[in-house]
Each structure stands twice: as C-alpha cells, then as structure tokens.
Amino acid sequence: MRAVRMGEVVTLLFFGGCQCSSSNKDVLSRGANVYQKVTGDDSDSDRSQWDQVFDRGAYVFGKEPADILKEVVDILPVGRALDIAMAEGRNAVFLARKGFVVDGVDISEVGIRKAKRLARENHVDITTINADLNTYQIKPDSYEVILNIQYLQRSLIPQMKRGLKRGGVVIFENHTTAQLSLPGSAGMRRDFLLNPGELKEAFAEFKILSYKETNDGKNANASLVAMKP
C-alpha cells in the first residue's frame, strides 16, 4: 500500500470537494497530513480513492522524478524498466526520457491517464498497465530496472527479484516505522512501513549498491539500490 505524508493529498480530499465514505475504512486525517489505505482486500475501494486523489488538474506528486532515481539513473543498465505503483508517471516518464522502455503499473485509471499526458508532454512513450498489484504478476527475467517508490507490498518482493534479469537493478524506497514518531503521522499502519534493516535483509542476496535509512524530521525512509547477481 502507498503510505504517503502528503498534505496536498489530504487538502484535495477534504477541501477539494471529494467526499469519501467511512465504509471504505481509509485513514484520511486532516490534522495528520496522511492519506493511507488501511485495508488491503478491497481493490475497488482502493481504486476509487486514488482516482479521487489524482482527479485534479495538478500533479499531486509533481512532475519531477524521485530524488533517489535522479541520483542513480546514470549507473542503471539501460533496457526495460518496470515502475510499480506508478501513480501519475513522474518516474516512468523520466526513465523513458533516459532511453528506457518503460512499463508502469497502477490501480488508478485517472493516474494512468495523467501519466500518458505527461509522457506526451515529454515526447516519449510508456506502456501503462491498469492493474491491482495484489493480483498482478511480474514476468520473470524481463527487466533491467524495477522501481518501487513509496509503496509496500511484501508479497511482490520475490516477484521483483524474479522479474529482474541478471545484472538488473532494483530501486526501492519506502517509509520506515520511525515515521510513526514524526509529526503528522497519526493513523499510519505499522504493517505498511518497513522495519529497521528489513529492506536490506530482503535483498541480502543482491549486491547492495546503496542503502540508507534517513529521518529528516518529516520523512523517515529506507532507500535501497541493489543489483541482481
């Protein structure tokens, strides 16, 4: 599940006209600046909520790629790339601009439409896949790069490993449990956050190119770049 501290997301939901049913069992916390899905068994609800988040003119997460991707893009093996939980396409489009053949998967049809629009603005092509990641299957031995930014579904990690070709690189970043102690994180579920050292251990058989756990007082993240042997 995406676990994001995005005040803008909450503002859109509460003050932009979006009415969210309490039966969806989502945490939509005005004071906490958190939008986080807390049930993993209702894909229709998940799709509806993220469609509402993305159904605005502005790009909720911006158009610029994640910092971790910008930092390592020049050392990545160029080829096919998979962007998991692509959202509005900022990272997928960036990779396409760098010469990658990109597949982007997301549950939100609205997010995918905006990703396509962003690709057109940048004169690149991406392949978009509208799918529930709870059931999506990554094709084995298919990608030089797999990207997973601020999304945690532990059952996908073995698929990510199989989906990479030998020498392929995974880029993975997600909030850690340290996030729970930071302002604005009330209501976040621990099981959608990484434990200390968990991400590095999950890819222990890979060659770790970069790993760090950071806490700047607003966001606590684990960030990993690792190569499949």
Inset, instruction - For Lys116, go through the aspartates and glutamates and keep the ones whose alpha-carbon is under 19 Å away, minus same-chain ones fewer than eight residues off. - result: Asp51, Asp55, Glu64, Asp83, Glu88, Asp103, Asp106, Asp125, Asp132
Inset, instruction - Would you kindly derive the ³J(HN,Hα) couplings of the stretch 168-176 from the backbone phi angles with the Karplus curve 6.51 cos²θ - 1.76 cosθ + 1.60 (θ = phi - 60°), listing them in order in whole Hz, with x for Gly and Pro? - result: x, 10, 9, 10, 9, 9, 7, 4, 9
Legend entry - Cut-off 14 Å between beta-carbons: net charge of the residues surrounding Ser223, Lys and Arg +1, Asp and Glu -1: -3
Inset, instruction - Tell me which residues come under 5 Å, amide H to amide H, from Gly79 once H is placed; ignore anything under 5 positions away on its chain. - result: Val101
Inset, instruction - Report, in debye and to the nearest 20, how large the dipole of the stretch 81-229 comes out about its Cα centre when Lys and Arg carry +1 and Asp and Glu carry -1 on their Cβ. - result: 240
Inset, instruction - Set the Förster radius R0 to 35 Å, insert the Cβ-Cβ distance between Glu198 and Arg56 as r into 1/(1 + (r/R0)^6), and round the FRET efficiency to 0.05. - result: 0.55
Legend entry - Footprinting exposure proxy for Thr214, Thr177, Thr128 (fewest neighbouring C-beta atoms within 10 Å first): Thr214, Thr177, Thr128
Legend entry - Global geometry of the stretch 121-229, whether rounded, prolate or oblate, following the gyration tensor of its Cα atoms and the 1.5 cut on a/c: prolate
Legend entry - Simple spin-label estimate for Arg190 and Ala131 in nanometres, 7 Å along Cα-Cβ: 3.3
Inset, instruction - Quick one: order Ser45, Ser210, Ser181 by neighbouring beta-carbon count within 10 Å, fewest to most. - result: Ser181, Ser210, Ser45
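Taken together, the values in this text are just the output of simple stated rules run on the coordinates, not laboratory data. None of the values given here were measured: they were computed from a predicted structure. A quick note on method: Cβ atoms are made from the backbone with ideal geometry, for glycine too, and the neighbour counts reach across all protein chains shown.
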